[in-house]
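Just so you know, all these numbers are worked out from the coordinates, no wet-lab data involved. Quantities reported herein were computed from a predicted structural model and do not represent experimental measurements. Glycine gets a Cβ as well: all are built from the backbone with ideal geometry, and neighbour counts include every protein chain shown.
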Amino acid sequence: MNRRHCAAAAITLVYALGLLTVPVQAMAAPTPDSSPSPSASASAPAVPSPAAPSSEKDLEKIREQIETLYRQAGAATDAYNLAEEQTKKQSGEIVKLAKAIVDGQARIAELKDRAGAQAREQYRNGGLPPGAQLVLSDDPQLFLDGVNKVRTSQQASKTVLAELTRTQEDLETYTQDASSNWHKLETNRVKQAKAKKKINAQIAAAEKLESRLEKKELARLRQLEQDAANRAQSAWLATRPTPNVDVSGATTAAGKAAVAFATAQIGKPYVWGATGPGSYDCSGLTSQAWAAAGRPIPRTSQEQWRLLPRIDIQDMRPGDLIIYHADASHVGMYVGDGAIVHSPRPGRHVTLAGAGSMKILGVVRPDR
């Protein structure tokens, strides 16, 4: 790769770095193909007719539709958060690669100057370096000194040429890597935009369903939601294995710190994509709680499920994370006594809830 091509690539990358600071507010991202998230790609259920529900059965159907919509929004939110994390990572990689390209170009220029100086020195001495001229001397000592100088000069030339070749190869690799990262960055921005559109559509559909209800029906809907959570919690407690470690004394110092942070956020609103300090989504709460405890963990519930050590549910202790639903789209922090602290969904606030009030996928332990 010639110098002009390297310079053009570096200028393009450095110019492009200015775009990295542009907010991705209008961007969002679906879960990667490898992540199980069928609900994230599901279409929103049809909104029923404007007629107000006339029975408990109608309200229960609306409750299930709203729950489905918010679950789909939660899955899309997890996908958005993952794409945002990947976008940040790739932006950082591009910045580092652009600096490496600029440094590599400067090093190539320096090495070419050194190689040119050596060539000019040989030309001035009739095509022979000074050491080679001394070899022609009749003085034995000067002859030996000349041999050493020739060897030193040859080694220096080889070193310069070898480093020049290696630096040029590195520069080409940096440019290719930067191009690859730029492509990934743009791909994730497109994913973010799609996921944001999905999130907003699901939330809007759920809010539309609720807006058609009268005040009395809304109150009844809230009660139905609570009744469903209570039934699930009771069923879980009835079948839950006897806990091996459900005592505060078994919790680590980091676990206690994470629980203290999470419970201190109770009452703050759910906002998708938020990581505090004024609002949180579900994994924003758990990731920030463990970061505050000095143990950074993955940002999203799906990545927490994929990457953190898993434990048996009967062994869980305060600070452990319970992952919910088949697509790992929700997470809460276990606080003991069969309860979690979590950020439920749009329109709700960080709160305590029964650990079994939702479908449990499994439990992970950040400080294992």
Self-check item: Near-label residues of region 328-368 by backbone N, under 19 Å of a point 7 Å along Cα→Cβ of R222
Solution: 342-354
Quiz prompt | Shape of region 153-203, Cα gyration tensor, a/c cut at 1.5 | solution = prolate
Quiz item: Under 5 Å between amide H atoms, partner at least 5 residues away or on a different chain: which partners does H349 have, H built in plane at 1.01 Å?
Solution: Y270
Quiz item: Over all pairs of distinct alpha carbons, what does the Kirkwood formula give as the hydrodynamic radius of region 202-293, in Å?
Solution: 16.4
Practice problem: Rank-order 206-218, 67-79 by packing density, defined as the average count of other C-beta atoms within 10 Å over each peptide's residues, highest first. | Solution: 67-79, 206-218
Quiz prompt | Nonlocal amide H pairs with G362, under 5 Å, H built at 1.01 Å | solution = I323
Self-check item: Flagged links, alpha-carbon separation over 29 Å, of K158/K184; K268/K359; K191/K215; K99/K198; K208/K256
Solution: K158/K184; K191/K215; K99/K198; K208/K256
Practice problem: Calculate I(q)/I(0) for region 244-364 by the Debye formula, one identical point scatterer on each C-alpha and no solvent, and give its log10 at q = 0.23 Å⁻¹ to two decimals. | Solution: -1.45
Quiz item: Each residue of region 282-297 in turn: what ³J(HN,Hα) in whole Hz from Karplus with 6.51, -1.76, 1.60 and θ = phi - 60°, glycine and Pro shown as x?
Solution: 4, 7, x, 5, 5, 5, 6, 4, 6, 5, 5, 8, x, 10, x, 10
Quiz item: Sorted by mean Cβ packing within 10 Å, highest first, what order do the peptides 104-117, 286-299, 337-350 take?
Solution: 286-299, 337-350, 104-117
Self-check item: Zone of T242's modelled label, taken as backbone nitrogen in region 308-349 under 17 Å from a point 7 Å along Cα→Cβ
Solution: 313-316
Quiz item: Hey, what do the phi angles of region 203-209 turn into as Karplus ³J(HN,Hα) couplings, whole Hz, using 6.51/-1.76/1.60 and θ = phi - 60°, x for Gly and Pro?
Solution: 5, 4, 5, 5, 5, 5, 4
Exercise. Just grab the label-to-label distance for V271 and K256, each label 7 Å out from Cα along the Cβ direction, in nm (one decimal).
Key: 3.3
